[in-house]
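The values are calculated or read from the model by the stated rules, or taken from the named source; none is laboratory data. Since we're looking at a predicted model, the values are computed, not measured. Backbone-built Cβ (ideal geometry, glycine too); neighbour counts: all protein chains shown. For accessibility, only protein heavy atoms count, side chains too; no ligands or nucleic acids. Shrake-Rupley method; radii C 1.70, N 1.55, O 1.52, S 1.80 Å.
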Amino acid sequence: MAGRGKIRSIYESVYRQSLEDPRGFWGACAGNVAWNRVWDEVLDASGDPFFRWFTGGVLNTCHNCLDIHVEEGRGSATALIYDSPVTGTTRAYTYRELRDLVARFAGGLSRLGVKKGDRVVIYMPMVPETVIGMLACARIGAIHSVVFGGFASRELAARISDARPKVILAASCGIEVNRVIPYKPLLDEAIRISSVKPDHCVILQRPQEKALLQEGRDISWEACSTGAETPCVPVAATDPLYILYTSGTTGTPKGVVRDNGGHLVALIWSMKNIYGLSPGEVFWAASDVGWVVGHSYIVYGPLAYGCTSILYEGKSVGTPDPGAFWRVISEHNVRVLFTAPTAFRAIKREDPNGRYIRDYDLSRFRMLFLAGERCDPDTLHWAEERLKVPVIDHWWQTETGWSIGANAAGLGLLPVKPGSCTKAMPGYDIRVLNDHGEEVPPGVTGNIVIRLPLPPGCLTTLWQNDSDYQKTYLSEYPGFYLTGDAGFIDEDRYLWIMGRTDDIINTAGHRLSTGAMEEVLAAHPDVAECAVTGVVDEIKGEIPLGFIVLKAGVKHDRKVILQELVQMVRAKIGPIASFKVAVIVRRLPKTRSGKILRGTLKKIADGEDYRVPATIDDPGTLDEIREDLAAIGYPRRPG
Ligand code: COA
Ligand code: AMP
């Protein structure tokens, strides 16, 4: 069967070439992009450590995603299939239809005064209009910043304040299986508390919820969709295409900036060489457009490469169709699916024997890619056995925009080692360093770093914050980008990503900062101090667990305090934080210098063996913590 690891892999020679001659390698790949003006330099190192790709080049990302296909005679091919079990809708858009809708909406945005370089925040669910909004921004050179719909007002406000958008695009509601989530009140509150007010909000009224529009500021989606068709505005390859905020080590989100030129070059390369696709084939990234996976592989990658992309509004389980994933694959002829392991763990729990898989014809389905968190070997084997296709775990970050480590199907699959995400992708010179900055031998765990320059497609800086970019990623080990992940490279140069070295956790494939949750909890009047760590969860991989120390003499009911804390995180960060468990403890374990031993807390809660840290202030605290955790049923062993 094609693409099932039968062809000899040319990975090693491709990878070697990318490191030995990055300019030659990426310059050749850039031939697959339509340029208004060809670049002067493939790689501009003059601003080291701020490297730029394809300087002097001029292009338009929307042109590459839509117009080019129409101009080259593929206008009637399907660009996008919207499949929404939560609304009972399926609708396909050809490249020509999508181009026309985008060009008119771009005209509407121009009429509202949006120009090249202006920011547009997009707070929308998984509907085609979200994709239209993103591409319309790209068309006129405006910089979009999509905010995931599961974030509450405070998180949205933080992003509005930082991006300073001229216009915000939003919908009246999102739909969570059978619950309608009104978005407009969240948006209005975010604008109220934000330090920046947009000129206009464009609101998509969905039939499930009618939003109240504010006269003068808010206009309807229809009114913005009747603009004159607007041509693509040429932009520099190095101009920002979008800002995507992601969790950092503090409560303040980091605005990852993606350029236009390098981004397209890398994504087109990845569609063919990593995912092994051909133009015209159907690719499904079952993620959300609010995350990087959605940006790269629901919108820009598949469309630039001429594939059909699936936009799926629903969950992997509880849709209410238990075979929803298999229905989508067979109905739309999906060749490659990309999702998070959590989606498969949820399916595995609902349907352990894969009974619903057998109801569908999956004979043309070729491969499953997983990312977002480490894929446990059990889930990988379950998926392989039930689907009878290769299952590839690959590793990447919001910052990189495409995978750092993968098994590149288009180059010929390498043998799979369950638990590993195979090898470094072109341009990523990955090293593992100890805390002194020395490279460790194969098999030894350390800090994973990438030697600069990062390949095309990776972040170029943080939005209007070069100094935080340097401080966060480049200062720890000069000359290297700090991934924030710990792991090792084995004797065969396979990558093993074992966890974060900072306070970030991955819950159901969503990246969350425990520091941001601690900030919220600490604001409760009865809380003296607190710590949040990620603990193992059977379905979501990891969930946050709060350790709370109350102020002396607190009289309130402890159960009520815990409920209030859960509610506060939900209201301030959003339901997506999945913060549902907290425990009141007498003290937190600390080092003699007063640092909370979060790593030890996590190990105790997970029931792992641990050594009492030599630096601990009072080892007796650990016995107390074990007792307090036992009272709420921790540690829990995965069932
Ligand atoms: N708007 C509002 N609320 C949202 C939301 C959105 N866009 N997305 C999620 N939420 C809410 C959920 O309803 C849930 O609320 P609850 O606590 O009231 O139940 C909460 O946020 C947590 O959501 P989630 O972590 O997605 O859990 P879930 O139980 O709803 O679903 C899975 C679990 C595994 C089925 C689901 O996460 C899934 O299918 N994930 C796989 C794909 C994926 O998202 N990958 C991302 C990166 S590749
Ligand atoms: P995000 O920025 O949301 O894509 O999250 C990036 C983080 O998710 C990485 O830094 C890793 O910690 C984790 N991650 C993503 N993919 C994998 C993977 N395949 N294996 C292990 N961890 C992963």
> Relative to the present Cα-Cα distance, how much length would full extension add between His436 and Glu538 at 0.36 nm per residue of separation?
Replying inline: 33.2 nm
>> To the nearest 20 Debye, how big is the dipole of the chain about its Cα centre, given +1 on the beta carbon of each Lys and Arg and -1 on that of each Asp and Glu?
In response: 820 debye
>> Tell me the net charge near Pro207. Cut-off is 15 Å between Cβ atoms, Pro207 excluded, with +1 for each Lys or Arg and -1 for each Asp or Glu.
In response: 0
> Long-range amide H contacts for Ile122: which residues qualify at under 5 Å (H placed 1.01 Å from N, peptide plane, sequence gap of 5 or more or a different chain)?
Replying inline: Ser145, Val146, Val147, Leu169
> Measuring from label point to label point, each 7 Å out along Cα→Cβ, what is the Ala552 to Glu20 span in nm?
Replying inline: 7.0 nm
>> Under the rule of at least 5 residues apart or a separate chain, name every residue whose amide H is placed under 5 Å from the amide H of Tyr242.
In response: Arg258
> Can you tell me the accessible area per residue over the stretch 511-630, all protein chains present, probe 1.4 angstrom, in square angstrom?
Replying inline: 47 Å²
> Which ³J(HN,Hα) values, rounded to whole Hz and listed in residue order, are derived for the stretch 24-34 from phi using the Karplus coefficients 6.51, -1.76 and 1.60 in 6.51 cos²θ - 1.76 cosθ + 1.60 with θ = phi - 60°, glycine and proline given as x?
Replying inline: x, 5, 6, x, 5, 5, 5, x, 8, 10, 8
>> With θ taken as phi - 60° and the coefficients 6.51, -1.76 and 1.60, list the Karplus ³J(HN,Hα) couplings across the stretch 276-282 in order, rounded to whole Hz; mark glycine and proline as x.
In response: x, 9, 10, x, x, 7, 9
>> If I take every Cα pair under 8 Å that is 6 or more residues apart in the stretch 77-151, average their sequence separation and divide by the length, what percent do I get for the relative contact order?
In response: 28 percent
> Please state the relative contact order of the stretch 511-630 as a whole percent: Cα pairs under 8 Å, 6+ residues apart?
Replying inline: 23 percent
> lysines within cross-link reach of Lys423: Cα-Cα under 20 Å, excluding same-chain residues under 8 positions apart?
Replying inline: Lys6, Lys272
> What list of ³J(HN,Hα) values in whole Hz, one per residue of the stretch 171-180 in order, does the Karplus curve 6.51 cos²θ - 1.76 cosθ + 1.60 (θ = phi - 60°) give from phi, with Gly and Pro shown as x?
Replying inline: 10, 5, 6, x, 10, 9, 6, 10, 10, 8
> Out of residues 5 or more away from Thr308 or on other chains, whose amide H comes under 5 Å of its own, with H placed 1.01 Å from N in the peptide plane?
Replying inline: Gly280, Glu281, Val282, Phe283
> Accessible area per residue, 1.4 Å probe, Å², for the stretch 354-407: what's the number?
Replying inline: 35 Å²
>> With a cut-off of 8 Å between alpha carbons and a minimum separation of six or more residues, what is the relative contact order of the chain in percent?
In response: 13 percent
> With a sphere of radius 10 Å drawn around the Cβ of Leu59, what net charge do the other residues whose Cβ falls strictly inside it have (Lys, Arg +1; Asp, Glu -1)?
Replying inline: 0
> Length gain on complete extension for the stretch His524 to Gln214, per 0.36 nm per residue less the alpha carbon to alpha carbon distance?
Replying inline: 108.3 nm
>> Checking the cross-link filter: which lysines have an alpha carbon closer than 23 Å to that of Lys315, excluding same-chain neighbours under 8 positions apart?
In response: Lys184, Lys348, Lys388, Lys540, Lys580
> Based on the alpha-carbon gyration tensor of the chain and its eigenvalue square roots a ≥ b ≥ c, which shape applies: rounded if a/c is under 1.5, prolate if not and a/b is larger than b/c, or oblate?
Replying inline: rounded
> Roughly speaking, to the nearest percent, how much of the chain's 1.4 Å accessible area is carbon and sulfur?
Replying inline: 50 percent
